[in-house]
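The values are calculated or read from the model by the stated rules, or taken from the named source; none is laboratory data. Since this is a predicted model, take the numbers as computed values, not measurements. Methodologically, a virtual Cβ is constructed for each residue, glycine included, from the backbone with ideal geometry; neighbour enumeration extends over all protein chains shown. These area figures cover heavy atoms from the full protein model, side chains too; ligands, DNA and RNA do not enter into them. Shrake-Rupley method; radii C 1.70, N 1.55, O 1.52, S 1.80 Å.
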Protein chains: 2
Amino acid sequence: MAKNQLSERDYLQSYNIHNYDVPLTSVDITIFTVLDNALNVLLVKRAQHPALGKWALPGGFIDLKKDRTLEHTAQRKLKEKTGVRTSYLEQVASFGSKQRDPRGWSVTVAYFALIDAAEIQLTHDERSEEVAWVPVKKVLNSTKLAFDHNAILERCYERLQGKVQYTSLPVNLLPEEFTLSELQSTFEIILDSTIEKKSFRRRILDADILQETGNMRTGSNRPAKLYRVQNQGENFMFSRNIEGPR
Amino acid sequence: MAKNQLSERDYLQSYNIHNYDVPLTSVDITIFTVLDNALNVLLVKRAQHPALGKWALPGGFIDLKKDRTLEHTAQRKLKEKTGVRTSYLEQVASFGSKQRDPRGWSVTVAYFALIDAAEIQLTHDERSEEVAWVPVKKVLNSTKLAFDHNAILERCYERLQGKVQYTSLPVNLLPEEFTLSELQSTFEIILDSTIEKKSFRRRILDADILQETGNMRTGSNRPAKLYRVQNQGENFMFSRNIEGPR
DNA sequence: ATCAAATAGTGGCACTGAGACACTAAGCTG
DNA sequence: CAGCTTAGTGTCTCAGTGCCACTATTTGAT
């Protein structure tokens, strides 16, 4: 073939993506937080076609100029909605099909993020989209999101629940200092089940994830030790699944 | 904005993807098999620019006409190289950046597949690419694959090793009937470590994944019971990690 | 002061599943 | 029949967890 006799340079010179049929490619983020003892997710009300007026996960197209990597795109989206820069961010899966977007074949790369709601205020962004925290349960039970965002949310939720079985991910939903009870409660909210106190404490403490800050949380009863994450934030493994008492 | 006063129909009518800067989007597959007591991966020698002449994971662009979903694209690629239709196929992650492809911003969705090498013969395909099984270890140690395919392979390998800790995935690398020793050996090859025989058998058997076929594998010593997968193939969970003896 | 309520945190036993490893079982070969 | 090889088992130990009752420390009401 003639093509193969071209040098790579000449080939690249003559290459023009606009000559090909390519899918739309975007990034969507499921941003979780804990609010009022429930796991919430950040939704935006679409201010543009398609699916105008519907609630959706925040997301959008890759900016070929500004974004260097997919993760960068995700971080940019996160920042636009929440103002948060540092946060736990993990790629979950990509969803692509001919059907999922009325504009045609499209692919979206889904991420999930964990943030401490207390630290941020939602950003009504320039396109004046509404932004809101909504309980995950409520969304899954009764909200029809734009595109296939229900399916994406479900997958992110599954992933979160799955990882919480054997990692300390939930620390990312709390402020820097927290008590073991607060942490346990966060685990319970995500797993939607109770955890036996002693087992939980043993596991967390034995895993050497946390370090005492020396401070105490005081309230209307016995004060509790405050902890912070040990090894610069990253998640850490346990040896077994967590199960609640029968 | 005027745009918001359009009906969705009019908006879609006027929408043309060629007016936007979009990334290239493709699908790549890491096809694993066990050959000569080693985990092998299928590589193709690129017959086209870019990276002409380099070894790469099989993959390619989404066919917007023929492919209905990403998974369909992956299956098509798998079929083109191996002729295999049914096989374990799992999406691993997407890799996207400005740098990874010299043609510009590109995203690839990586899958991995497990097949029984005995059942297939490699297809020297129409573009006359060379196709070969190569030991994973060898590739990771000493082969510079095209694009970021080394990183993709590593991630797929990690995912495989990870899942083998708590699922019965390796059954997908074996023929329909197999002995427990063969299965154990497959686990060991993937994990690159030995597993204690009794523990392995207890776990697999207690997990209720397998069913005896009634047949025996005979050889130059005591015959072994043959098993097949119980519940139509899907993987199944164990309760703990597998660890080799010290 | 004292006591109750509430949450923090611990002691300690039972159970389960995995590691270890020696043992038995059943075929083949010479 | 002895000896090799691989299949498959018996059983002890040990670690991590479930369970649940117990102690500890605070606030606030009486």
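The figures follow:
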read-out: Protein accessible surface hidden between B and A, which excludes ligands and nucleic acids, total in Å², probe 1.4 Å; value: 4100 Å²
read-out: Carbon/sulfur fraction of accessible area - region B:160-217, other protein chains in place, 1.4 Å, %; value: 44 percent
read-out: Selected from A:Phe32, B:Asn231, B:His49, residue furthest toward positive end of dipole (the protein assembly as shown; charges at beta carbon); value: B:Asn231
read-out: Whole-number accessible area per residue in Å² for region A:21-163, which is evaluated in the context of all protein chains at 1.4 Å; value: 41 Å²
read-out: Gaussian network model of chain B, springs between alpha carbon atoms under 10 Å - residue of B:Asp63, B:Asp28, B:Asp148 with greatest fluctuation; value: B:Asp63
read-out: Shortest-first distances to equivalent copies, position A:Lys54, nm, label 7 Å out along Cβ; value: 4.0
read-out: Accessible surface, region A:167-229, averaged per residue in Å² (probe 1.4 Å); value: 52 Å²
read-out: Long-range HN-HN contacts of A:Lys54 with modeled amide H, under 5 Å; value: A:Arg46
read-out: 17 Å reach of a label modelled at B:Glu176, 7 Å along Cα-to-Cβ, counting backbone N of region B:214-228; value: B:214-217, B:226-228
read-out: Top positive-direction residue, dipole computed over region B:168-229 with Cβ charges, set B:Val171, B:Ile204, B:Asn221; value: B:Asn221
read-out: Reference-scaled alpha-carbon Rg (2.2 N^0.38 Å with N residues) for chain A; value: 1.21
read-out: 5 angstrom amide H check on B:Leu210, placed H, neighbours 5+ away; value: B:Gln230
read-out: Rounded accessible area of A:Tyr15 (nearest 10 Å², 1.4 Å probe); value: 30 Å²
read-out: At least 20 Å along the helix axis (C-alpha) and Kyte average at least 1.0, DSSP helices within chain B; value: none
read-out: Cβ neighbours within 10 Å from other chains - mean over B:36-48; value: 1
